[in-house]
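Every number in this text was worked out from the coordinates using simple rules, so none of it is lab data. Everything numeric in this text was worked out from a predicted model, so none of it was measured. Here the Cβ positions follow ideal geometry from the backbone for every residue, glycine too, while neighbour counts run over all protein chains shown.
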Amino acid sequence: MCGIIGYCGHRPAVPLVVEGLRRLEYRGYDSAGVSFVQAGQLSVIRAEGKLSALEQKLATMHVFSATSGMGHTRWATHGVPVERNAHPHRDHSGRLAIIHNGIIENYEALKAELTAKGCEFRSDTDSEVLVNLIAECLKATGGDVMQALSKALGRAEGAYAIVLMSVDHPGTLWATRVASPLVMGVGTGENFLGSDIPAFLPYTRDVVFLEDGELVRLTASSWEVFRADTLEPVAKTVSRINWDVQAAEKGGYKHFMLKEIFEQPKVIRDCLLGRIDPATSQVRLPELDALPVPERLHIVACGTSFHAGLWGLYLLEKYAKIPVQVEIASEFRYREPILDKSGVVLAISQSGETMDTMAGIKLAKSRGLPVIGLCNVVGSSIARESDYVLYSQAGPEISVASTKAMCSQLAALLLLTLYWGRRKGTMSEDSCAGLVSELQTLPKILEDALPSLRASALRLAKHFAETTSFLFLGRGPNFPLALEGALKLKEISYIHAEGYAAGEMKHGPIALIDPHFPTFAIALDDEFFPKVKSNLVEVQARAGEIVALTNEGLDLHVEHPWLLPRATGPLAAFLTLPALQLFAYEMADYLGKDVDQPRNLAKSVTVE
Ligand code: M6R
C-alpha cells in the first residue's frame with residue numbers, strides 16, 4: 001500500500017530517493033518522508049500531504065552529501081494521516097530509523113512492555129513500536145544491528161516490509177519482509193530497495209526478489225541475503241527485467257484492473273490483519289466497540305459498493321439477525337425515508353468521495369442516526385463525515401472498474417457480521433471461529449485458482465466475442481454478485497448485460513431468451529442450487545446458451561460449466577467474484593477496449 005525506496009551508492013541519496021518516491025506516486029499518498037545520515041547525524045524529514053510538501057521542506061535544507069538513505073510514502077490503512085505518523089520513525093534514542101509497510105498485530109502488547117521500560121512514543125504507529133523494540137534488542141546484541149533486527153522480528157506478529165538504518169553504520173541498510181512486497185535492485189557501485197520496481201527502474205534492471213522471512217544487508221558495493229530467524233545465508237539469483245516504466249507500475253500486468261484482480265488474495269489477508277484474535281479466532285473491531293449493535297441497519301452506497309452492501313444484507317440478516325435495508329444513495333437522498341433513531345447507517349464507498357453517498361450520510365445525520373463509513377481511502381470526505389470508520393484496507397485502486405475494493409468490502413462486511421453476531425449472541429464462538437479459519441485459508445485457494453480462472457475467462461471471451469447481450473443470474477447472496485458481473489461487463493466491454501435474481505427471470509426477462517442471448521449463471525453447491533438449476537432448465541427450453549459458475553460433481557448440464565473450488569456458504573463469493581471480474585476483463589481486452597479507463601466513467605463520482 002505504501003511506497004518504499006532505499007539507496008546505498010555514490011550519488012546524492014536524498015534527491016534520488018525523492019525521485020523514486022515520485023515514481024511510486026500511483027500508489028497514492030497522504031504523507032511522505034526520508035531519512036539519511038549526514039555529518040554524523042541521523043536526519044528524518046517528513047511532511048503531511050503530497051510529495052511536493054516534502055520537496056518544499058527539503059528545498060530549504062542542505063541534503064546533498066549523504067550517499068545512502070531511504071524514503072517512504074504513506075497511504076494510511078488506519079491512524080490519521082498526519083506528520084507525526086509519517087515514516088521514517090526513529091527509536092527514542094534517535095540512533096535507528098525505520099520505514100515500514102504493513103501492520104504489527106501485537107504492537108499494543110509490545111508498546112506496553114517498552115513503555116514500562118521507560119520508552120516514550122511520539123506517534124500512534126506500530127512502526128515506532130517496532131523500531132524501539134529493535135533498539136531494545138540492540139542492547140542485548142552488543143550493537144549488532146542485524147542480530148537485533150532478527151531478535152525483534154521473532155517477537156513481531158503480522159505483515160511487514162521494513163528498511164532500517166543506523167547512525168552508527170551510515171552506508172548500510174537492512175531490510176526484510178513478510179507478506180508485503182520488497183525487491184532489491186542491483187547496480188554497479190550502488191544498490192537499491194523498493195516496494196516496487198519503478199522505484200529504481202531508471203538505474204538498474206537487475207533485481208532480486210526477496211521472499212517472506214528473508215533479510216538483506218545492503219551497502220554500495222555489496223548485498224547479502226539471510227534467513228531472518230536464523231541469520232543463515234540464503235543464495236539468491238539476480239533476474240533481469242525488461243519492463244518499461246508503465247509495465248513496472250502495473251507489476252508486469254497488462255492493465256491495473258488485471259493486477260488488482262490478482263491482488264485479491266492479499267486484499268483478503270490485509271483486511272483481516274489486526275482484526276482476528278489469534279488465540280480465539282474471534283473478530284475484533286475496536287473502532288466500533290463504542291457503538292451499540294444496531295437494531296436496524298440502512299446500508300447506503302452506489303455502484304459496486306451498493307452490490308457489496310446488498311451481499312452484506314444476506315449475511316447480516318442470516319447470522320447477526322439484524323434487519324437491513326440497502327439503499328441506492330442517489331434514491332435514498334431524495335426519498336423521505338422513515339429513519340428510526342434505533343437505526344444506524346452504514347455508508348460504503350471505495351473512494352470515500354461519492355457525492356450521492358455523502359448526501360445520504362448528511363440526511364441520516366440530520367435525522368440523528370449514527371453513521372459508520374466503510375471506506376478504502378483513509379481520511380476521505382466520507383471517512384471524515386462518518387461517526388465511526390471501518391477501513392477496508394484494500395490499498396489504492398487505480399483501475400476505474402472497481403474489483404479488489406469490492407473484495408475488501410465483502411471481507412469487511414463478513415467481519416462486521418461475525419462481530420455483531422457475537423456481540424448480539426446470535427452466533428456461537430465456534431461458528432465464528434469456523435468461518436474465520438476458513439476465511440484465512442481462502443487467500444491461498446484463490447491464489448492457486450486465479451491463473452486457471454483467467455484461462456477459462458479468456459476461452460469464454462473468445463467464444464462470446466460477438467455477443468451483444470447477456471443475462472446474469474444468481475439467487476440469495478449470489479444475486480448481488482450477478483448484478484456485479486453484469487455491471488463489470490457493461491462498464492469495460494460496453495456489452496449490454498442485465499443482472500437478475502434467478503427466480504425473477506420467469507417474470508419478464510425470459511421473453512428475451514433465444515440462441516443469441518446467453519445466460520451467465522451462478523449455480524454453486526449451496527441451498528439455492530436446485531432452484532437455480534430449474535431456472536436454467538427454463539433457459540435451455542428456449543434454446544438459450546448457458547455459462548455456469550459451478551462446483552464439481554453437481555448434476556448440472558450446460559454448454560459452458562466453469563468450475564470453482566468449493567467454499568462454505570458466504571465464503572464462495574471470494575471465488576465467484578474474481579471469476580466474474582476476469583470474464584469482464586478478458587471480454588474487454590479481447591475486444592480491444594480501454595480497460596483501465598472506460599469511456600464516460602470516472603474513478604470517483606463527485607457530481608450528481
Ligand atoms: O467510490 P465508491 O465506492 O463510492 O464508488 C461507487 C461507484 O461509483 C463505483 O463503484 C462504480 O460503480 C465503479 N465504476 C464500479 O466499477
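When each of the peptides 229-235, 128-134, 339-345 is scored by how many other beta carbons lie within 10 Å of its residues on average, the order from highest to lowest is 128-134, 339-345, 229-235.
Partner lysines whose Cα lies under 26 Å from the Cα of Lys254, excluding those fewer than 8 positions away in the same chain, are identified as Lys266, Lys404, Lys444, Lys462, Lys488, Lys490, Lys593, Lys603. Using DSSP to define loop residues, name the trypsin sites (Lys or Arg not before Pro) in segment 214-260 whose beta-carbon has at most 15 other beta-carbon atoms within 10 Å. Taking segment 214-260 and a limit of 15 other Cβ atoms within 10 Å, the loop trypsin sites (Lys or Arg not before Pro) found are Lys254.
Highest mean packing comes first when the peptides 478-491, 455-468, 567-580 are listed by Cβ atoms within 10 Å, giving 478-491, 567-580, 455-468. For segment 467-566, the alpha carbon convex hull comes to 90 Å³ per residue, rounded to a whole number. For segment 10-92, chymotrypsin sites (Phe, Trp or Tyr not before Pro) are listed when DSSP marks them as loop and at most 16 other Cβ atoms sit within 10 Å of their Cβ; the list is Phe64.
Remark on Ile299: its backbone amide H falls under 5 Å from those of Gln325, Val326, Glu327, Leu346, a criterion applied only to residues 5 or more positions apart or on other chains, H modelled at 1.01 Å from N. Report, in degrees rounded to the nearest 10, the 0 to 90 angle that the Cα long axis of helix 529-541 makes with the longest principal axis of the chain. The angle comes out near 60 degrees. Over the chain, Cα pairs under 8 Å with separation of 6+ residues give a relative contact order of 11 percent. Computed from phi, the 3J(HN,Hα) profile of segment 85-100 under the Karplus parametrisation 6.51, -1.76, 1.60 (θ = phi - 60°) reads 8, 6, 9, x, 10, 9, 6, 5, 7, x, 9, 10, 9, 9, 10, 8 Hz, with x in place of Gly and Pro.
Judged by the ratio a/c of the largest to the smallest principal axis of the C-alpha gyration tensor, segment 347-499 counts as oblate, that ratio being 1.5 or greater while a/b is no larger than b/c. Karplus-based coupling profile of segment 547-558, in residue order and whole Hz: 9, 10, 6, 8, 10, 4, x, 7, 7, 9, 10, 10, with θ = phi - 60° in 6.51 cos²θ - 1.76 cosθ + 1.60 and x standing for Gly or Pro.
In the chain, what % of DSSP beta bridges are antiparallel (nearest 5)? Rounded to the nearest five, the antiparallel share is 60 percent. Look at where the Cα atoms of segment 132-198 and of segment 201-242 average out, and the two centres are 12 Å apart. The phi torsions of segment 305-316, fed into the Karplus equation with coefficients 6.51, -1.76 and 1.60 and a -60° offset, translate into couplings of 5, 5, 5, 4, x, 5, 5, x, 3, 4, 6, 4 Hz, rounded to whole numbers, with Gly and Pro shown as x.
Taking amide H as placed 1.01 Å from N in the peptide plane, Leu563 has its amide H under 5 Å from the amide H of Thr550, each at least 5 places away in sequence or on another chain. Here segment 295-348 is treated with +1 on each Lys and Arg Cβ and -1 on each Asp and Glu Cβ, and its dipole about the Cα centre works out to around 100 debye. Bridgeable lysines around Lys151 (alpha carbons under 17 Å apart, same-chain partners fewer than 8 residues away excluded): Lys111, Lys139. Against the chain, whose longest principal axis comes from its Cα atoms, helix 573-590 is set at around 90 degrees. Quick one: grab the alpha carbon gyration tensor of segment 3-245, order the square roots of its eigenvalues as a ≥ b ≥ c, and give me rounded if a/c is under 1.5, else prolate or oblate depending on whether a/b is larger than b/c. Note, shape of segment 3-245 comes out rounded.
Would you mind counting up the charge near Ala572? Only other residues with Cβ under 10 Å from its Cβ, with Lys and Arg at +1 and Asp and Glu at -1. Here the count lands on -1.
Helix 13-23 and the longest principal axis of the C-alpha atoms of the chain enclose an angle of approximately 10°. Under the combined filter of DSSP loop state and at most 13 neighbouring Cβ atoms within 10 Å, segment 533-579 retains these GluC sites (Glu not before Pro): Glu552, Glu559. Using only alpha carbons, the chain has a radius of gyration to Kirkwood radius ratio (Rg to Rh) of 0.99. Extension gain, Asp277-Val234: 0.36 nm per intervening residue step, less the Cα-Cα distance, totals 12.2 nm.
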